[in-house]
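Worksheet: the structure to be examined is printed underneath.
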Amino acid sequence: MMAHRLGVIADDFTGATDIAGFMVENGWRVTQLIGHGPADVPAEVDAVVISLKSRSCPAEQAVADSLAALARLQDLGCDRFFFKYCSTFDSTAEGNIGPVTDALLAALDQEFTVICPALPVNGRTVCHGNLFVNGVPLNESGMKDHPITPMKDANLLRLMAAQAKGLPGLVDYQVVLAGADAVKAKLTALTADGVNYAVLDTLTMSDLTVLGEAVSDLPLVTGGSGLGAGLACYTTAGQGAKHARALGAPAAAGRALVLSGSCSLMTNAQVAAYQQQAPHRQVEVASCLEDPQAYAIELADWVLDQPASPAPMLYATQAPEQLAQIQARYGVARASEAVEGVFARVAARLAEQGFTKFIVAGGETSGIVTQALGVSGFNIGPQIAPGVPWVRALDKPLSLALKSGNFGDEQFFAKAQEFYHD
Ligand code: ADP
């Protein structure tokens, strides 16, 4: 029997990495694409993840992007699909989760799916169809004041009814407690009643394995990364992550570099800790603006002159007061673009010189460096810190550790270097 391959359409980059990480930790081998990715993915991959920037965009755009992603995933051999959105269902009545779900159902010639945003390990639960954040109804949580998507209702059936064309229904917690067969029977009954979207009550991570079993045959499911964990856990029968992580683990061969372009509190602490352990050099904004080309060569030459291990560090990281001064002097956008441009040039130059591993701090910085290195997709490897895996490029001998702002603890840069293997 041909194994099934799941195609995941995630509504933002962090969400994509999030669900990919949960699936790997539950035993699935996962490839994540940048844009539309390379021509092909490894044969043994269980799931392919595409990330969009559709969370807050108008429904029409989100639908078009999601349908294009669906077609791309079908090309790559996926035969089941997962629309991944945030566990806080960041979507008001004008939101696009309903329209995207309707469009994906229509494209797959289906009329029924599930709505499962719960992520109990992060305090997101669903009971009687209502979404809770750390035990507080969504519309009483911090999400009620979200700048882009203020959530004024916690009831997922009403939220779907307001956005989508079809009929919502509920799989109540009593049914989930009765097990996967009971959930399947309930889903069949709801379908017979003309329900299009079944909201799934979920209070614990192990409920998600029950639900993963119950929905594993559906052509389309929708939800948060918790359901991704449940699906992987059910289909690999808890076989564990070791095998799955190996596909994305960083190789020992070749040198490594730490690039820090984040100014978050945690990154400042990480840079300070790593300054005690490895050769380091500050990236000056004035020099980045003056002659980025020459400065990038100077920095790359400095890196080449340092011992290989521990990996040398280039950092633009500044404490909040200094950062404010720099930004006041040069302009926020101008300063950050200059820094990003130099990091991109340094990374590209050192990759040409045989560097194989880049440990990068900063969400935007990570995006720029990944782009400069020409990476079109990667396999997800072992987690250095929660939510930050090593990833290995598909089409080049390159591994990346991409850490946004506050992720990881103080020893992150040193810890990342403990994962190399032959
Ligand atoms: P985070 O994940 O912490 O938000 P990002 O990389 O997304 O980190 O954003 C940090 C931004 O700050 C980047 O655009 C980076 O170029 C910019 N930056 C970093 N260091 C400096 C600096 N010394 N002066 C001005 N801007 C900087």
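A few notes on this one:
- Only protein heavy atoms count here; on that basis, with a 1.4 Å probe, Leu218 has an accessible area of about 40 Å².
- Using distinct alpha-carbon pairs, which all enter the 1/r mean, Kirkwood radius of region 352-406 in Å: 11.3 Å
- Working note: Karplus 6.51/-1.76/1.60 with θ = phi - 60° gives region 115-132 the couplings 10, 9, x, 4, 9, x, 4, 9, x, 9, 10, 10, 9, 6, x, 9, 8, 10 Hz, where Gly and Pro are set to x.
- Solvent exposure, largest accessible area first (probe 1.4 Å, DNA, RNA and ligands not counted), of Met266, Met313: Met266, Met313
- Residues Tyr420, Tyr315, ordered by accessible area of protein heavy atoms at a 1.4 angstrom probe radius and largest first, appear as Tyr420, Tyr315.
- Counting only heavy atoms of the protein chains and using a 1.4 Å probe, Ile148 has close to 110 Å² of accessible surface.
- Region 289-391: radius of gyration over Cα atoms, expressed as a fraction of 2.2 N^0.38 Å: 1.15
- Hz values of 3J(HN,Hα) by residue in region 188-204 - Karplus curve (6.51, -1.76, 1.60), Gly and Pro given as x: 4, 5, 5, 4, 4, 7, x, 6, 9, 10, 9, 6, 9, 5, 8, 10, 9
- Highest mean first, the peptides 58-66, 286-294 sorted by other C-beta atoms within 10 Å per residue fall in the order 58-66, 286-294.
- Cα-based helix-to-principal-axis angle, 13-25 vs the chain, degrees rounded to 10: 80 degrees
- Where a label projected 7 Å from the Cα of Thr188 along Cα→Cβ would reach, residues of region 201-232 with amide N under 18 Å: 211-219
- 14 Å beta-carbon shell around Thr113, net charge (K/R +1, D/E -1): -1
- Counting all C-alpha pairs of region 6-244, share separated by more than 32 Å (%): 11 percent
- Computed from backbone phi with θ = phi - 60° and the Karplus coefficients 6.51, -1.76 and 1.60, the 3J(HN,Hα) list for region 345-361 is 5, 4, 4, 4, 5, 6, 4, 5, 8, x, 5, 10, 9, 10, 9, 10, 9 Hz; x is used for glycine and proline.
- Residues Gln61 and Gln110, FRET efficiency given R0 of 22 Å [Cβ-Cβ distance, rounded to 0.05]: 0.45
- Surface calculation, 1.4 Å probe, protein heavy atoms: Glu25 sits at approximately 60 Å² accessible.
- Cα gyration tensor shape for the chain, rounded if a/c is under 1.5, else prolate or oblate: prolate
- The chain: Lys pairs at Cα distance under 20 angstrom, eight or more positions apart or on different chains: 9
- Area projected by the alpha carbon convex hull of region 1-57, averaged over all directions, nm²: 4.3 nm²
- Distance between region 223-278 and region 1-40 - C-alpha centres, whole angstrom: 15 Å
The values are calculated or read from the model by the stated rules, or taken from the named source; none is laboratory data. Note that this is a predicted model, so its numbers are computed, not measured. Quick reminder, even Gly has a Cβ in these numbers, built from the backbone with ideal geometry, and neighbours come from all protein chains shown. Heads up: the accessible areas ignore ligands, DNA and RNA and are worked out on the full protein's heavy atoms, side chains in. Shrake-Rupley method; radii C 1.70, N 1.55, O 1.52, S 1.80 Å.
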